Amino acid sequence: MFPAGEISTRRLTEFKPPHHAVRVIRNTFGSAEQLGERGLSVVEQLFTPVELGGVLVRNRVVVPGHTTNFAEHNRPTRRHAAYLGERARGGAGLVITEAIRVHPTSAGRHLSLGSFSDDSVPAFADVADAVHEHGARIFAQIMHAGRQANGEATRTAAWSASAVPWSPSADVPHAMGRRDIATILEAFGAAARRMRVAGFDGLEVHAGHGHLLQQFLSPATNLRDDEYGGDAERRLRLTREVLERVEAAAPGLPVGLRVSADEFLEGGLRPDDVIEIVETLTRDFALAYVHVSHSAYHASYSLSTQMADMSFGHAPFRHHATLFKNALPDLPVIAVCRLDSLEEAAELVEAGDADLVALARPHIADPHLVRKALEGRRATSCLACNQGCIARVEKSLPITCVVNPEVGAEDQWNAAWSALATPRRRRVLVVGGGPAGMQAALSASRAGDAVTLVERSSWLGGLVRVAAAMPHRARLGLMVADLERELEASDVEIRLDTEMDAAQVLAGEWDDVVVATGSVPRRHDFGPGVPVWTSVEAAAQVAAGADLHGRRIVLWDDDGDWISGSLSEGLALLGADVHLVSPTPSLHARITTYSRLALTPRLRELGVHAHLMRTLAATGERTVTLTDTLGGQTSTLGDVEVIVDLGRPTALDPLYRDLDQVADGPRLHVVGDASSPRTALEAIYEGRVAGAFLGETDTAAAHTVVGSY
């Protein structure tokens, strides 16, 4: 058994993160001063111009195409123009639009971009103008999604090379006939012509990520026996014909090609196959570049690589660009995927493995990557968490970002900060030093308030710092490190080891009080016989690296988020026999598919057991009983040493409740988990809104001004 003192005895406020977690973060990424010294010398090779098909690009930093869900009726909006324009203002050399669907059968939903008629040209011209205004070049990525174009919103069937669905639950696509192919070829040509008229500098034909052209190229999805399938040459025919139509429709515009170097599918395309495809195409087409990505849109590990999260590590697929550069030395190569910073991306250019580097999520996190590097400043770190970007796309919502809540509302936030240029000089108290409180303090200070931040523990960061100690979750610590660095550079007064009640707050005569006191675990009564941990105690045990070999641990999870996923993996890595019990019908439903498809195989390899649609009760000494929520059948697990209670938390809000009863007290704002237990995404956003708009308007009303809509 575990010693009794290690189980359910620590209060939340007494928990301290393991010191090694903080050291790892600092040793890996360096201090702000160290990065400043390296600064330009590390990345200066990225700031040389490069020519792509006759178009001169000012530097080698690319904002690659990535879905935003900012469209309305499949047309670009002012949000697109502001979003991409801000990244151009931030110094990027080349901006590539998100995928522009060439035909309604590829639209999938109204939030995706499409160019189905000439009426779309003015809206696309606005996007091109916004990027050109700041000196960057812009290429339009054109594509057809093929079989994964979910047509429920547009009431269209998905089209593909063959009737092979992308997932077991997906609709079987329509296998395209010759007339369908002719329709798509015409659509590619028409879209290319429109982008030329709209003023784009070039085009990128998307033949990767498991979209339609790749579905024809791959033997895993092309089962045809006509002139468009049967062997490699015939599978290549559609891509050839698309390039012919595009070149003819947009003469003078350079055309690049995006490919997936490896499908990571049994019977699918491998790097040698794709290199041969590109090499063959270069004989007949003057490709401006090849943009080397990977993956297929398939409900397996392959899809998780497309948006590789922090569990993959830095630049896990950089070798693909190297293979193409070695095979095709005269063809410019753009490398992409999990190039987390300019310093790390510069390695590929320095080594001759790529000519340009594409950073999507880092540009979402900080649109001014290049400008800050030129000025010797540290950019805000991308966490590779997938939470604000692709997870929201999966829900058909506009993207945002955990560390940059201004995404998608650049115009509104720029106007708001300009309006707040005159210092307000209010006396502001922020209670709670987690992400919400740290962000609220920074925003209020930026708006000119005199801010004091109090935290009852001896460290800042809240539970995010604890989560960063979990396996494959260390990049979460970058959020805390960035916020700490900003606070150190600000005028915010920070008081650690300070707890305040309502009377003490009122005695301070503050103008505004922001309550960011977080949440606490909600304990369940599982019955006698088996000790119980809360998630915090479990995190401490994992972070301490204890030997849990052979010990059976049961995790109760009714939330399905990263806490259970990380702890399951962490405990299993330490040798525990982990049994995850949940009343839900699916495993980790609150984790985006793009990350879950990588997490699930790891848990399987570690031998983690999942018991879904089950309730849990301790029914004897070291014994628990699981009850099927559908049929009522029961099963028993013996030799259980501990139950980890990962039930959904509850707001730690007594201070807010007490202050809310004071009629003539200071203006009161509650943010993050203290308002409602959720995630760091909501905490950072609410902290920034509250700090920026203190006293200007009701905080809830401010969401309509700068929120994602």
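The values are calculated or read from the model by the stated rules, or taken from the named source; none is laboratory data. Worth saying up front: this structure is predicted, and the values here are computed from it rather than measured. So basically every Cβ, Gly included, is an ideal-geometry build from the backbone, and we count neighbours across all protein chains shown.
In segment 638-652 there is no residue matching the filter, namely being farther than 20 Å from Val536 by Cβ, crowded, with 21+ Cβ neighbours inside 10 Å and not hydrophobic (A, V, I, L, M, F, W, C).
Filtering Thr28, Thr9 for residues that are part of a helix (DSSP H, G or I), of a type in the set (Ser, Thr, Tyr) and modelled with pLDDT under 95 leaves a single hit, Thr28.
Counted as qualifying within segment 200-296 are the helices (runs of 4 or more DSSP H) with 3 or more residues that are surrounded by fewer than 22 Cβ atoms within 10 Å (Cβ to Cβ), namely 232-235, 237-249, 271-284.
Among the conditions (1) modelled with pLDDT under 95; (2) buried (at least 22 other Cβ atoms within 10 Å of the Cβ); (3) not hydroxyl-bearing (Ser, Thr, Tyr), the only one that Val428 does not satisfy is (1).
A search for C-beta distances below 9 Å between a residue of segment 457-471 that is assigned to a helix (DSSP H, G or I) and any residue that is polar (S, T, N, Q), counting only pairs 6+ apart in sequence or on different chains, returns Leu463/Ser519; Leu463/Ser535; Val466/Ser535; Ala467/Ser566. Within segment 529-549, the set of residues being in a strand (DSSP E or B) and at pLDDT below 90 comprises Trp533, Thr534. Candidates are the residues of segment 434-456 that are within 10 Å of Thr517 (Cβ to Cβ) and part of a loop (DSSP other than H, G, I, E, B); the one that is nearest to the chain's Cα centre (by Cα) is Gly434.
To keep it simple, each residue is scored yes or no on (1) over 14 Å from the mean Cα position of the chain (by Cα); (2) hydroxyl-bearing (Ser, Thr, Tyr); (3) buried (at least 21 other Cβ atoms within 10 Å of the Cβ).
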{"site": "Leu359", "(1), (2), (3)": "no, no, yes"}
{"site": "His363", "(1), (2), (3)": "no, no, yes"}
{"site": "Asp366", "(1), (2), (3)": "no, no, yes"}
{"site": "Val370", "(1), (2), (3)": "yes, no, yes"}
{"site": "Ala384", "(1), (2), (3)": "no, no, yes"}
{"site": "Cys389", "(1), (2), (3)": "no, no, yes"}
{"site": "Leu397", "(1), (2), (3)": "no, no, no"}
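With respect to the stated conditions, Val357 fails to be closer than 30 Å to Pro49 by Cβ and assigned to a helix (DSSP H, G or I).
His144 - would you say it is farther than 25 Å from Gly91 by Cα and in the same structural domain as Ser169 (by TED's automatic domain parsing)? In short, yes. Residue pairs whose Cβ atoms lie under 7 Å apart, sitting 6 or more positions apart in sequence or on different chains, and linking a residue in segment 585-598 that is among the small types (Gly, Ala, Ser) to a partner that is in a loop (DSSP other than H, G, I, E, B), are Ala589/Gly560; Ser595/Asp309; Ser595/Asn386; Ala598/Asp309.
For Ala447, the conditions (1) surrounded by fewer than 24 Cβ atoms within 10 Å (Cβ to Cβ); (2) among the small types (Gly, Ala, Ser); (3) touching a Lys or Arg at 6+ places or on another chain (Cβ under 8 Å) are fulfilled apart from (1).
Within 30 Å of Tyr594 (Cβ to Cβ), surrounded by fewer than 20 Cβ atoms within 10 Å (Cβ to Cβ) and either of a type outside the set (A, V, I, L, M, F, W, C) or under 30 Å from the mean Cα position of the chain (by Cα) (or both): is that true of Leu567 in this structure? Against the criterion (within 30 Å of Tyr594 (Cβ to Cβ), surrounded by fewer than 20 Cβ atoms within 10 Å (Cβ to Cβ) and either of a type outside the set (A, V, I, L, M, F, W, C) or under 30 Å from the mean Cα position of the chain (by Cα) (or both)), Leu567 does not qualify. When Gln633 is tested against the conditions (1) touching a Leu at 6+ places or on another chain (Cβ under 8 Å); (2) surrounded by fewer than 18 Cβ atoms within 10 Å (Cβ to Cβ); (3) among the polar types (S, T, N, Q), the lone failure is (1). Taking the criterion of being crowded, with 20+ Cβ neighbours inside 10 Å and either among the acidic types (Asp, Glu) or within 15 Å of Pro521 (Cβ to Cβ) (or both), the only residue of segment 654-673 that qualifies is Asp673.
Residues considered: Ser304, Ser311. Of these, the only one that is in contact (Cβ under 8 Å) with a residue 24 or more places away in the chain, within 30 Å of Gln45 (Cβ to Cβ), assigned to a helix (DSSP H, G or I) and of a type in the set (S, T, N, Q) is Ser311.
Checked against (1) at pLDDT 95 or above; (2) part of a helix (DSSP H, G or I); (3) among the small types (Gly, Ala, Ser); (4) outside the structural domain of Val57 (by TED's automatic domain parsing), Ala415 meets all criteria but (1). If the condition is being in contact with a Ser or Thr (Cβ under 7 Å, 6 or more places away or on another chain), surrounded by fewer than 24 Cβ atoms within 10 Å (Cβ to Cβ) and in a loop (DSSP other than H, G, I, E, B), then segment 68-97 contributes Asn69, Phe70, Asn74.
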